[in-house]
Amino acid sequence: MVDFIKRDKNDIYGMPILGFLFKNEKFLLVLKIAILLLFLYATIFGFLNPTNENVFTTGLFWGLFWPFFMVLSLSTLGRVFCGICPHGFIGKYITKIGLKKKIPKSLANPFIGLLLVFIGWWFVYYMFPGIYKTPMATAIVFTVLTILAIVFYLLYDEMAYCKSVCPISALTRAFSKVGFTWLGTYKSACNECKIFECATACPYALKPFTFDKKNSMGDCTLCMDCSSACEAVSFKVKKPSFSLFNKFKAQKSEVWAFILITAAISITMGFHHSLGRSAIVEEFIWTRTARFFESFMSFGPIDSIGLFAFLYSVAIVLFLSVVGMFVASKIMNVTYEKTMYTLGFAFAPLFIVGGLSHMGEFFFYHYASNTVNAFIQAFYLDVAYMEPLATRRDSWVHVFRVFNHIAYIWAFIIMIKRFKLIDSKPILKVFAFPFASALIIFYMGLNFYTGYVFKTYGAMKRGHNHANHSTLNIVIDRNNYKIG
């Protein structure tokens, strides 16, 4: 164990304020307990107040936890949300008294969690836009996940739920690579170490002293337990996405997380939520397909346009990524698997960086007011509810759309860097590049096309009876806001 070490200037642990926030054991414990209590309170509040008048439960989970602790923190600081996640926090203690069995190989599969969030959440969400956004539904979802987590912690060791079953585990592990922080150790101190207390302290049975050599933090959730055990652990500020510029052992689920989430969120929302507000919404193929099927069958409560927007998005993204990589592999005379799981990491910024555009706009449209009003209601504060900071008529909010362009530029840069890891002739790489980058090119084109559509045809007139607007109305009614 190392008691003192001279830290580098870019080591967050050595910075006065940030060092306290990320390393102080007592502070982190208090923070984790506070978030756990808030989590439990919001869940119970959802059962006790199941109507849409309850803005606390939905505001906390969908206005604070998801956009800020996930999208914002993941794209910058990495998996810090996992480090303070209530499930992970209680899991460390439950596992100690559990059976500590080895999880079966059939369950030790990160694709399980990925498919849960892709199908169980996003596929269902586009068919029934408001199904998860009610207080009761939100409370049920997180209660089920909590029970599932507890069962896995009781049965299996090494935080098996977090590694394999958690719906956002594969996402956070994959997209955290875009961030600019890195947990590692000081090699000079580790060379003399014989007891490796950083590894002993890790609830995930990881070895922090190997992270730098492997160029991978594996399943590390940044719980910071290792840094409490040994001073040689560092948490440094690095160049954004720096680990993606070099070799590491790729996990296939990470590449598929980039592909599926880009399809489910970035592209589907581009189709359904962005172009769905345009004056020519009825001209798009997903709308026409929905109208065709509606002509001879009833979809009932299903949002048919959302359903087909999702299906077309997934089909297009799968075709562009899979076929594009296959053609690129043939051009370079490299195996498809090598090509896909080396170059596929370039898709990472499309959602997590591009998502900052949506998050920035909706912070002013909904998230800020939703969160403030949630706490006003939950703790019975004698202050007036907060109005949204902006409406869709405020053009200045569109400044956040720059992140959509940063996303594909960043993706192209990573793709160029990842191509250097492929052993093939330079001229062949040049010809293979556009095929491997087909998904990035499509994402870029969709952004420009969306701008063209609104500039040429304008937005859909208010009062148009379109399913896309029902979601917004639910949010407005739920919070008793007045827009405009």
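The values are calculated or read from the model by the stated rules, or taken from the named source; none is laboratory data. Note that this is a predicted model, so its numbers are computed, not measured. With ideal geometry, Cβ positions are generated from the backbone for all residues, glycine too; neighbour counts draw on all protein chains shown. Keep in mind that these areas ignore ligands, DNA and RNA; they rest on the heavy atoms of the full protein, side chains included. Shrake-Rupley method; radii C 1.70, N 1.55, O 1.52, S 1.80 Å.
Can you give the Kirkwood hydrodynamic radius for segment 332-426, in Å, rounded to one decimal and based on Cα pairs?
The Cα-based Kirkwood calculation yields 16.4 Å.
Can you work out the Karplus-derived ³J(HN,Hα) for every residue in segment 171-177? Use 6.51 cos²θ - 1.76 cosθ + 1.60 with θ = phi - 60°, whole Hz, and x for glycine or proline.
My calculation for segment 171-177 gives 5, 5, 4, 6, 6, 5, 5 Hz in order.
Contact order normalised by length for segment 171-316, with contacts defined as Cα pairs under 8 Å and 6 or more residues apart; what percent is it?
26
Averaging over all projection directions, find the projected area of the Cα convex hull of segment 262-397 and quote it in nm² with one decimal place.
13.0
What aspartates and glutamates could a cross-link reach from LYS461, if we take a straight Cα to Cα line under 17 Å and drop same-chain neighbours fewer than 8 places away?
The reachable aspartates and glutamates, counting only those whose Cα sits under 17 Å from LYS461, are GLU282, GLU283, ASP394.
If you roll a 1.4 angstrom probe over the protein chains with everything in place, what fraction of the accessible area of segment 1-57 belongs to carbon and sulfur, to the nearest %?
Exposed carbon and sulfur together represent 71 percent of the surface.
Roughly how many debye, to the nearest 20, is the charge dipole of the chain about its Cα centre, given +1 on each Lys and Arg Cβ, -1 on each Asp and Glu Cβ, and no other charges?
Values: 46 positive and 25 negative charges, 284 e Å.
In total the dipole reaches around 1360 debye.
Return the carbon/sulfur percentage of the accessible area of segment 388-444, one whole number, probe 1.4 Å, all protein chains in place.
Answer for segment 388-444: carbon and sulfur cover 73 percent of the accessible area.
Take the cross-link list LYS105/LYS338; LYS9/LYS92; LYS9/LYS249; LYS6/LYS238; LYS32/LYS92; LYS32/LYS213 and give me the ones stretching past 20 Å between alpha-carbons.
LYS105/LYS338; LYS9/LYS92; LYS9/LYS249; LYS32/LYS213
With a 10 Å radius around each residue's Cβ, average the other Cβ atoms per peptide and rank 126-138, 288-300, highest first.
126-138, 288-300
Answer with a single label: of (i) 72, 67, 44; (ii) 67, 59, 43; (iii) 75, 55, 45, which was calculated as Cα extents along the principal axes in Å from the structure in view?
Looking at Cα extents along the principal axes in Å for this model, the match is (i).
Kindly provide the helix-only [θ] at 222 nm of the chain, computed as the sum of -39,500 (n - 2.57) over DSSP H runs of four or more divided by all residues, to the nearest 500 deg cm²/dmol?
-15000 deg cm²/dmol
If the reach is capped at under 19 angstrom between alpha carbons, list the aspartates and glutamates near LYS420, excluding any in the same chain fewer than eight residues apart.
Here the aspartates and glutamates satisfying the reach criterion relative to LYS420 are GLU337.
For the chain, what is the accessible area per residue in Å², given a 1.4 Å probe and the full set of protein chains?
Per-residue value: 46 Å².
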